[in-house]
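Working notes, beginning with the structure itself.
The values are calculated or read from the model by the stated rules, or taken from the named source; none is laboratory data. This one's a predicted model, so the numbers in the text were calculated from it and none came from an experiment. Note that we place each Cβ from the backbone using ideal geometry, even for glycine, and neighbour counts take in every protein chain shown.
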Amino acid sequence: MRKIFAVFIMLGSIISFAGTKDTTLSGDLNHDNIMDVVKVSFVTNDGMYSYLAGDFTVEINGSVYKDKCEEAEIFEVKIVDIDSDTPALMVSCFGTGDVGEYFFYRLKNKEVFPLGSIKLWGSAEVPGNGKILSNDFMGFWTLHGEYIIDKGTGKIAMVKKDTYEVNVDGTVKTSFKILKSRDDNSDVVESVKPGTKFTLMKCDTSPVCKNEGGYDDEYECDWYLLKTSNGKEGWVRLKDFREKVGDLPWAG
């Protein structure tokens, strides 16, 4: 029976003079029937209010690894079974809303070995079948992703898919074109008219383009497969329909 040890550390509006917030737990991390001692310490900025700075250390039996997360209002520490290999330590950092980052570590040759991290708006689950399941909110739909431990690198890697299921309905407010393929120069299937009901069926999240500030944007150029109520199907980028449709369940 898998054992999971969890401790939640939440910030309080109190004066604190300590430089860290520590969590200590124990578990058999290398199947040698000896309990290993784990200590996770988050650096705090102290004063009238104490808050987590984001820098933290993972210590297992005296071996220390330093890491950092961008969002750290709350953190959680667990020992989990990802697969049939040795158990892993999971450190979860949570920030404003549902934004979070999930870090994974193993004890390897008596040293803390980082497996990598997953950053998303949502949650990550470890069912113990060799996969880490993620629920990443994409603004008006949830991307259900899968991660595995890459056998070559020993690190976490996402199982990439060509497209992800969306299945969200909407209504056209301003006319726009849907294309035959995921190519800006491909043939036009139809110019959808105002009032047209449609379903966004799938999304290709691989495109990256530059935004107005010159930075990489991982969302605006995503391709969506749109199906109208009259059965027409075509592809359109998010930036080409975002402001031209209604009824999508946008957050906020």
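Among the residues of the range 68-91, the ones that are assigned to a strand (DSSP E or B) and more than 14 Å from ARG106 (Cβ to Cβ) come to 5 in all. Determine whether the range 62-85 contains at least one residue that is of a type in the set (A, V, I, L, M, F, W, C), closer than 30 Å to TYR224 by Cα and in contact (Cβ under 8 Å) with a residue 12 or more places away in the chain. No, there is no match, as no residue in the range 62-85 is of a type in the set (A, V, I, L, M, F, W, C), closer than 30 Å to TYR224 by Cα and in contact (Cβ under 8 Å) with a residue 12 or more places away in the chain. What is the residue count in the range 109-129 for residues that are part of a loop (DSSP other than H, G, I, E, B) and of a type in the set (Phe, Trp, Tyr)? Within the range 109-129, residues that are part of a loop (DSSP other than H, G, I, E, B) and of a type in the set (Phe, Trp, Tyr) number 0. If I filter the range 130-147 for residues that are touching a residue at least 60 places away in the same chain (Cβ under 8 Å) and in a strand (DSSP E or B), do I get at least one hit? Yes, the conditions are met somewhere in the range 130-147.
Taking the range 77-102 on its own, how many of its residues are under 19 Å from LEU29 (Cα atoms) and in contact with an Asp or Glu (Cβ under 6 Å, 6 or more places away or on another chain)? Steps first, please.
Of the residues in the range 77-102, the ones under 19 Å from LEU29 (Cα atoms) are 77-92, 102.
With the extra rule that they be in contact with an Asp or Glu (Cβ under 6 Å, 6 or more places away or on another chain), the set shrinks to 87, 92.
Looking only at that region, the number is 2.
Here ALA53 meets the list (1) small (Gly, Ala, Ser); (2) under 22 Å from the mean Cα position of the chain (by Cα); (3) modelled with pLDDT of 90 or more almost entirely, failing just condition (3). Within the range 158-171, the set of residues being part of a strand (DSSP E or B) and farther than 15 Å from GLY231 by Cα comprises MET158, TYR164, GLU165, VAL166, VAL168.
Looking across the range 93-104, the residues that are closer than 20 Å to THR23 by Cα and surrounded by fewer than 22 Cβ atoms within 10 Å (Cβ to Cβ) come down to PHE94, GLY95. Filtering the range 141-154 to residues that are surrounded by 14 or more Cβ atoms within 10 Å (Cβ to Cβ) and farther than 19 Å from SER206 by Cβ leaves ILE149, GLY154. Answer yes or no as to whether ASN167 is surrounded by fewer than 15 Cβ atoms within 10 Å (Cβ to Cβ) and either touching a residue at least 24 places away in the same chain (Cβ under 8 Å) or of a type in the set (Lys, Arg) (or both). Here the answer is yes, as ASN167 does meet what is asked.
Scanning the range 194-209 for residues being part of a loop (DSSP other than H, G, I, E, B) and within 19 Å of the chain's Cα centre (by Cα) gives a total of 4. Residues that are closer than 23 Å to GLU218 by Cβ and in contact (Cβ under 8 Å) with a residue 60 or more places away in the chain do not occur anywhere in the range 117-129. ASP204 meets the conditions (1) modelled with pLDDT of 95 or more; (2) surrounded by fewer than 17 Cβ atoms within 10 Å (Cβ to Cβ) in every case but one. The failed one is (2).
Could you please let me know if VAL99 is out of contact with any Leu (no Cβ under 7 Å at 6 or more places or on another chain), touching a residue at least 40 places away in the same chain (Cβ under 8 Å) and among the hydrophobic types (A, V, I, L, M, F, W, C)? No, not satisfied.
Does ASP136 satisfy being buried (at least 16 other Cβ atoms within 10 Å of the Cβ), out of contact with any Cys (no Cβ under 8 Å at 6 or more places or on another chain) and of a type in the set (Asp, Glu)? Considered against the rule, which asks whether it is buried (at least 16 other Cβ atoms within 10 Å of the Cβ), out of contact with any Cys (no Cβ under 8 Å at 6 or more places or on another chain) and of a type in the set (Asp, Glu), ASP136 comes out as yes. For the range 210-243, filtered to residues that are charged (D, E, K, R), modelled with pLDDT under 95 and in a loop (DSSP other than H, G, I, E, B), the residue that is surrounded by the most Cβ atoms within 10 Å (Cβ to Cβ) is GLU220.
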